[in-house]
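Note sheet for the following structure.
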Amino acid sequence: MRLDILKTLNAERAARRAAIVVTDVASGNQRFVRQSEVARDPLREVLEAALRSGKSGMAETPQGKVFLTVHVPPVRLVVTGAVHISQALAPMAKLLGYDVVIVDPRTAFATPERFPDVKLIAEWPDTALPPLNVDSYTALVALTHDPKIDDPALLHALARDCFYIGALGSRKTHGRRVERLKGQGISDASLARIHAPIGLAIGAVSPPEIALSIMGEITARLRLSPQKAEKAA
C-alpha cells in the first residue's frame, strides 16, 4: 500500500470513519475512497455493498476486476436500561462482534453480576452518552420504559448519525413518546428514524425472543440496502 494512502487510512480509522482501498488487478493502481465519497464514485453500488458487508474481496466492475480492501470501524451497541431484555441482548450482540455498552443510572440493576464482561455506565444518559461519541457505526436501543432515561438517550441519538435507533414499547406508548419528543422540537422526519415497536415482527414474547428480534432488525439495517431493510421489517 502506498505511504500516502496508509497515512490517510490511519487518520480515517482513528476517527471511526469507514474507507475502501480500490486496487486495479490488471495495473496494480490503487486509490482511496472515503465513506463520504462513495455516493459520487463511479463504482458506487459495488462500494456500498462492500461497506455493508464489511468484507474485503474481489469484484467485477465495468472498469475491470478490482480488489476492495474494506476498512470499517467496530460496530457498537449502546443500550439504555439494565433490564431482562438487555441481559439476553448483550451476550447476543457480543457474539455478533458488537462492542456493547449498558447505560442505566439505577445501580441496583446495572451490576457486574447481571452483566458480566459488559461495559456498564451507571449514569444518566446526559452524562454517559456524550463521551461515547456515538456515530454511524453505533446502534442505540432504549429499553427502560422510563422517559427520564430513554427520552434523553433518543434525543442524543437522533442528533447523530446512528445507523439504528430503537425503543421498546407498544404503539400507544410510542405515540406518547413521539408527542414528548415533538415537544422538544424534534421533526417528524427525525422521529421516523426510531424503530418502535422495536424488533422484527416474529411474535416474540420472552426477553430472549425480544432480544433476538432486536438483533435481527439491527443486522438488517447494518447489512442490507435501505430498501431491502424496510422489506425485512
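Testing L6 on (1) in a helix (DSSP H, G or I); (2) surrounded by 13 or more Cβ atoms within 10 Å (Cβ to Cβ); (3) not aromatic (F, W, Y), one condition comes back false. Which one is that?
Condition (2) is where L6 drops out.
Considering only the stretch 186-195, I want to know if a residue exists there that is open to solvent by less than 20 Å² (accessible area, probe 1.4 Å) and within 15 Å of A88 (Cα to Cα). If you could, list the steps in order and put the result at the bottom.
Pass one, the stretch 186-195, residues open to solvent by less than 20 Å² (accessible area, probe 1.4 Å): 191, 194.
From what is left, the residues that are within 15 Å of A88 (Cα to Cα) are none.
Looking for residues that are open to solvent by less than 20 Å² (accessible area, probe 1.4 Å) and within 15 Å of A88 (Cα to Cα), one finds none in the stretch 186-195, hence no.
May I ask you to verify whether T219 is open to solvent by 20 Å² or more (accessible area, probe 1.4 Å), farther than 23 Å from P112 by Cα and of a type in the set (V, I, T)? Reasoning before the result, please.
Numbers: open to solvent by 20 Å² or more (accessible area, probe 1.4 Å): yes; farther than 23 Å from P112 by Cα: yes; of a type in the set (V, I, T): yes.
So T219 fits the description; yes.
I'm told Q63 meets every condition in (1) over 24 Å from the mean Cα position of the chain (by Cα); (2) under 20 Å from E12 (Cβ atoms) except one. Can you identify the failing condition by its number?
In the conditions (1) over 24 Å from the mean Cα position of the chain (by Cα); (2) under 20 Å from E12 (Cβ atoms), Q63 misses (2) alone.
Is it the case, given these coordinates, that A139 is in contact with a helix residue (DSSP H, G or I) (Cβ under 7 Å, 6 or more places away or on another chain), touching a residue at least 60 places away in the same chain (Cβ under 8 Å), under 17 Å from T219 (Cα atoms) and buried (at least 18 other Cβ atoms within 10 Å of the Cβ)? Please lay out each step first, then the result.
On the way: in contact with a helix residue (DSSP H, G or I) (Cβ under 7 Å, 6 or more places away or on another chain): yes; touching a residue at least 60 places away in the same chain (Cβ under 8 Å): yes; under 17 Å from T219 (Cα atoms): yes; buried (at least 18 other Cβ atoms within 10 Å of the Cβ): yes.
Yes; evaluated as a whole, the condition is true for this residue.
Step by step: first the residues of the stretch 50-74, then only those that are without any contact (Cβ under 8 Å) to a residue 24 or more places away in the chain and not in a strand (DSSP E or B), then the one that is least open to solvent (accessible area, probe 1.4 Å). Which residue is that? It would help to see each step written out before you state the result.
To start, the set of residues in the stretch 50-74 that are without any contact (Cβ under 8 Å) to a residue 24 or more places away in the chain comprises 54-57, 59-62.
Then drop every residue that is not not in a strand (DSSP E or B), which leaves 54-56, 62.
Details: G54: 26, K55: 143, S56: 62, P62: 126 Å².
The qualifying residue least open to solvent (accessible area, probe 1.4 Å) is G54.
Pick from the stretch 222-233 the residues that are under 21 Å from V79 (Cα atoms) and open to solvent by 60 Å² or more (accessible area, probe 1.4 Å): which of them is nearest to the chain's Cα centre (by Cα)? Quick ask: steps written out before the conclusion?
Applying the first criterion (under 21 Å from V79 (Cα atoms)) to the stretch 222-233 yields 222-223, 233.
Next cut, open to solvent by 60 Å² or more (accessible area, probe 1.4 Å) only: 223, 233.
Working: R223: 10, A233: 16 Å.
Step by step, filter the stretch 222-233, then rank; the result is R223.
Assess whether A204 counts as being surrounded by 13 or more Cβ atoms within 10 Å (Cβ to Cβ), in a helix (DSSP H, G or I), among the small types (G, A, S) and without any contact (Cβ under 8 Å) to a residue 60 or more places away in the chain.
Numbers: surrounded by 13 or more Cβ atoms within 10 Å (Cβ to Cβ): yes; in a helix (DSSP H, G or I): no; among the small types (G, A, S): yes; without any contact (Cβ under 8 Å) to a residue 60 or more places away in the chain: yes.
No; evaluated as a whole, the condition is false for this residue.
The values are calculated or read from the model by the stated rules, or taken from the named source; none is laboratory data. What you see is a predicted model; the values in this text were computed from it and never measured. For neighbour counting, all protein chains shown are included, and Cβ atoms are generated from backbone atoms with ideal geometry for every residue, glycine included. Heads up: the accessible areas ignore ligands, DNA and RNA and are worked out on the full protein's heavy atoms, side chains in. Shrake-Rupley method; radii C 1.70, N 1.55, O 1.52, S 1.80 Å.
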